[in-house]
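What follows is one structure encoded as structure tokens, with my remarks underneath.
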Amino acid sequence: MLRINNIRAGYGNKAIIDDISFNLGKGDIAVIVGRNGCGKSTLLKTIVRETHIESGEIFIDNADMQKMSRKDIALNIAFVEQDLSSEIEFTALQYTMLGRTPHNSIFKLNDSKKDVEAALLALKTTNCEHLRDTPVNKLSGGEKQLVMIAKAIAQDTPIIILDEPTSNLDITNQLEIINLLKELKNRGKTIIAVMHDINVAIGIADRLIMMKKRRIFKITEPQDTQNSQYLSAVLDTEMEKIDVENENKQIIVAKKLLK
Amino acid sequence: MKNQTLNIIIVTVLMLVSILLSFTIGENGINLHDLLTGKIDNESVDWIIFKEIRLPRVLMSTSCGALICMAGCIMQGIFRNPLVEPYTLGLSGGAMLGVGIAVGFGLNEIWGGQATTICALFGALATALIVLTIRKIMGGSTTSMLLAGVMISFATSSISTLIMCLSSKENIAQITSWSIGSFELANTNNAFTMCILAIIATALLPFAGNILNAMSIGDEAARHIGIDTGRAVVALFAIASTMTALCVSQTGIIAFAGLIVPQAIRLIFAIDFRQQIILSSIGGAAFLTLCDITGREIIYPRELPAGILSGIIGGIVFIYILIKQNAKN
């Protein structure tokens, strides 16, 4: 599905990330973790060609992403930004409909019934159907995040990228987003997300991509018994694994700074 | 869909009323009933006034209104700022400098009237290039772009004055009249050409509304849904600059019309750019025709150019939007 080989990329002539390689299959969830400034967001932006790729290759189903048009990339990858900003006061439905843009010719003056239905279905999937006529600028943080994901669902792409989808959300909204990502995985979507909450990441990921100093430090599975050691090194913080009482589950907590 | 049609009908009625008023109001106003029932003889004074003065004037005010307001609407969409329009970005000033060069150096006498249009076009496109370059250097800042627009307007105005100083008395009068937009001297051929161009632009540009809708959520977000924003900005800005140059070469500078009308349309009727562009075109035609009628009557027997009225109203609206924007931030 997605193959990244030896990518070195950045802005202008300055490389921000280097030596990045990993593969993802259909229905995989990869969560990228690491300290602020380690290149997580740059990696996400590189996958949608928002940075200058100095060397390396990105393939989507054997098609070279660097040779694709903007429209072709948008037909394969939907990107959920950190914040929802809109100069005009779209309603949640109008905003979600924007996800249909790559599927349509620009020579149309009215939204087709098919596009409206796709957007409504996407809003229903994210439990935001009741917000369809609410201006997006009046939504709460959690609702905005859900509507942004609805736009990505309406875009109907095999890959969805999310940049910190659970940041600044309360626990209820976080759980709602996590359940939604699991639902999308079950539908066969490949998901790549940046997250800061290690336990949320371990809870949903098939693959943890740990980044340090703008390179991949380690790619592990959530069950890996050495995750706390790897994370200690990545986050420069001593991390400890703790058993959850009465549940066959462990969580990782930060103990103290290493530097 | 129902609302969209209703909105278009309302604004079209407003435009038609303004056109009819323009034919009938004022000294030597035409009696429409007589005109439509064929009571006006083809060789009568009334017919000549209608054909040679009133009709070209109305066609020019509606066409320029449509073109300049669509240009304003597109620019506001590209740069996501309600204060952006051909005048505030200095494009009108750039086009005016082109006109000044054509008239001042007698190019229109050598190559005919097209020289004015071509020079205005070069002036507007050169300004557009400068504005886009400044925007790129400033990392996409619209505030810097607006400041650059004001500076460009000052600079082009100073150079136009310099050209006037070097010109003959006749040319000075001509350049001065161009710096204040007016439809008084509209000629039939040019008015019909402008009208055809305005109709073509109104038929085609609403499709660009799909791109502007996508760009309203930010350049990067628009690219994520398949819009090549770099190319879109250059292409749409070039189209808007060309429309500005056409208007300035025919009537002179019409300040702020491209700001007032699209903002009023957005406030009253529609936020979707596909409709905003259509409604800005029809609404712009109505607005400048009403400015022209008012200008003809307000200090009668003298005439106040439509560009001055538009500038006064627009200046007030500009300050209002600026205060509103500051309060919002």
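The values are calculated or read from the model by the stated rules, or taken from the named source; none is laboratory data. Predicted model, so just to flag it, every value in this text is computed and none were measured. Methodologically, a virtual Cβ is constructed for each residue, glycine included, from the backbone with ideal geometry; neighbour enumeration extends over all protein chains shown. SASA here: full protein model, heavy atoms, side chains in, ligands and nucleic acids out. Shrake-Rupley method; radii C 1.70, N 1.55, O 1.52, S 1.80 Å.
What longest region of chain B stays clear of GluC sites (Glu not before Pro) that DSSP places outside H, G, I, E and B and that have at most 11 other Cβ atoms within 10 Å? It runs B:44-329.
Report the charge-dipole magnitude of the range A:126-172 in Debye, nearest 20, computed about the Cα centre from +1 at each Lys and Arg Cβ and -1 at each Asp and Glu Cβ.
Working: 4 positive and 7 negative charges, 26 e Å.
The dipole of the range A:126-172 has a size of about 120 debye.
With a Förster radius of 22 Å applied to the C-beta separation of A:E117 and B:T5, the computed FRET efficiency comes to 0.45. Inter-part distance, the range A:197-243 to the range B:272-306, computed on C-alpha centroids, equals 65 Å. Taking the protein heavy atoms of the range A:40-122 in the context of the full set of protein chains, the accessible area attributed to carbon and sulfur is 49 percent at 1.4 Å.
The magnitude of the dipole of the range A:45-102, with charges of +1 and -1 set on the Cβ of Lys/Arg and Asp/Glu and taken from the Cα centre, is near 200 debye.
Over the range B:1-60, calculate the relative contact order: mean separation of alpha carbon pairs under 8 Å at least 6 apart, over the residue count, as a percent. Please report the intermediate quantities before stating the final value.
Values: 23 pairs, mean separation 17.1, N = 60.
The value is 28 percent.
Per residue, chain A exposes 47 Å² of solvent-accessible protein surface, assessed with a 1.4 angstrom probe and all protein chains in place. Apply the a/c threshold of 1.5 to the C-alpha gyration tensor of chain A and tell me whether it is rounded, prolate or oblate. Verdict is oblate for chain A.
Kirkwood-based Rg over Rh for the range A:218-259 (C-alpha set), two decimals? Don't jump to the answer; show the numbers that get you there.
Values: Rg = 10.9 Å, Rh = 10.9 Å.
Rg/Rh for the range A:218-259 comes to 1.00.
Taking A:E245, A:E117, A:E176 in turn, the Gaussian network model of chain A (Cα-Cα springs below 10 Å) assigns the largest fluctuation to A:E245. Of the beta bridges in the protein assembly as shown, as assigned by DSSP with both residues counted there, near 60 percent are antiparallel.
Express the accessible area of chain B per residue in Å², computed with a 1.4 Å probe while the remaining protein chains stay in the model. Kindly include the intermediate steps, with their values, before the conclusion.
Numbers: 14590 Å² over 329 residues.
Averaged over the residues of chain B, the accessible area is 44 Å².
When you work out D = kT/(6 pi eta Rh) for the range B:110-162 at 25 °C and 0.890 mPa s, using the Kirkwood radius from C-alpha pairs as Rh and the Stokes-Einstein form, the result is 200 µm²/s. Considering only B:A124, B:I172, B:Q4, and ranking their Cα positions along the charge dipole of the protein assembly as shown that arises from unit charges at the beta-carbon of Lys, Arg, Asp and Glu, the one farthest toward the positive end is B:A124.
Building the convex hull from the alpha-carbon atoms of the range A:114-174 and averaging its projection over directions returns 4.4 nm². Modelled label positions at B:D34 and A:F107, each set 7 Å beyond Cα in the direction of Cβ, lie 4.9 nm from each other. The range A:65-118 and the range B:1-50 have Cα centres spaced 43 Å apart. Taking the Cα atoms of the range B:83-131, the ratio Rg/Rh between the radius of gyration and the Kirkwood radius comes to 1.05.
For the range A:115-259, the Cα-based Rg and Dmax, in that order, read 17.3, 53 Å.
Toward the positive end of the charge dipole of the range A:107-259, with +1 on the Cβ of Lys and Arg and -1 on the Cβ of Asp and Glu, the farthest Cα among A:N179, A:C128, A:I216 is that of A:I216. Considering only A:N13, A:I161, A:Q250, and ranking their Cα positions along the charge dipole of chain A that arises from unit charges at the beta-carbon of Lys, Arg, Asp and Glu, the one farthest toward the positive end is A:N13.
The alpha-carbon positions of the range A:1-99 define a convex hull whose volume is 136 Å³ per residue. Counting Cβ atoms of other protein chains within 10 Å of each Cβ in A:78-91 and taking the mean gives 5.
Interface A-B: total buried accessible area of about 2500 Å², 1.4 Å probe, protein heavy atoms only. Where in the range B:50-75 does the label zone of B:L185 land, with the point 7 angstrom along Cα→C-beta and an amide N cut-off under 15 Å? Hits in the range B:50-75 for B:L185 at 15 Å: B:57. For chain B, the fraction of 1.4 Å probe accessible surface lying on carbon and sulfur atoms is 68 percent. For chain B, the dipole from Cβ point charges (+1 on Lys and Arg, -1 on Asp and Glu) about the Cα centre works out to 980 debye, to the nearest 20.
If contacts are Cα pairs under 8 angstrom and at least 6 residues apart, what is the relative contact order of the range A:121-218 in percent? Each step should come with its number before you reach the end.
Working: 80 pairs, mean separation 23.5, N = 98.
Value for the range A:121-218: 24 percent.
Would you please name the trypsin sites (Lys or Arg not before Pro) within the range A:100-157 that are DSSP coil residues with at most 14 other C-beta atoms within 10 Å of their C-beta? List each step's numbers first, then the result.
Numbers: sites: A:R100, A:K108, A:K113, A:K114, A:K124, A:R132, A:K138, A:K144, A:K151; in loops: A:K108, A:R132.
Answer by residue number: A:K108.
On a 0 to 90 degree scale, rounded to 10, what angle separates helix A:113-125 from the longest Cα axis of chain A? Approximately 30 degrees, to the nearest ten. With chain B treated as a Gaussian network of Cα nodes joined by springs under 10 Å, which of B:G106, B:G230, B:G90 yields the largest mean-square fluctuation? Looking only at B:G106, B:G230, B:G90, the biggest GNM fluctuation is shown by B:G230.
Could you pull out which residues in the range A:143-171 have an amide N less than 16 Å from a spot 7 Å beyond the Cα of A:T134, following the Cα-Cβ vector? Once the point is set 7 Å along Cα→Cβ of A:T134, A:143-151, A:169-170 turn out to lie under 16 Å by backbone N, inside the range A:143-171.
Classify the range B:43-144 from the C-alpha gyration tensor, please: rounded if a/c falls under 1.5, else prolate or oblate depending on whether a/b exceeds b/c.
Working: a/c = 4.42, a/b = 1.63, b/c = 2.70.
Oblate shape, in that a/c is at least 1.5 and b/c is the bigger or equal ratio.
Could you work out the helix-only [θ] at 222 nm for chain A, with each DSSP H run of four or more residues adding -39,500 (n - 2.57) and the total divided by the number of residues, to the nearest 500 deg cm²/dmol? Please list the in-between numbers first.
Working: 8 runs with 81 residues, N = 259.
The helix-only estimate for chain A comes to -9000 deg cm²/dmol at 222 nm.
Going by a ≥ b ≥ c, the root eigenvalues of the Cα gyration tensor, does the range B:24-96 fall in the rounded group (a/c under 1.5), the prolate group (a/b larger than b/c) or the oblate group? Verdict is prolate for the range B:24-96. Between A:S85, A:S167, A:S21, the GNM of chain A built on Cα springs shorter than 10 angstrom shows A:S85 fluctuating the most. Calculate, for B:F192 and B:S144, the FRET efficiency according to 1/(1 + (r/R0)^6) with r their C-beta to C-beta distance and R0 56 Å; round to the nearest 0.05. With R0 = 56 Å, the Cβ-Cβ based efficiency is 0.85. When the other protein chains are added to the chain by itself, burial of at least 20 square angstrom of heavy-atom accessible area (probe 1.4 Å, ligands and nucleic acids ignored) affects these residues of the range A:92-118: A:Q94, A:L98, A:T101, A:I106, A:F107, A:K108, A:L109, A:N110, A:D111. Of the DSSP H helices in chain B, those that are both long (alpha-carbon extent of 27 Å or more along the helix axis) and hydrophobic (Kyte-Doolittle mean at least 0.5) are B:2-24, B:55-79, B:114-137, B:142-165, B:229-251, B:273-298, B:306-328. Once backbone amide H atoms are built at 1.01 Å from N, A:M239 has A:S232, A:K255 as its partners under 5 Å, excluding neighbours fewer than 5 places away on the same chain.
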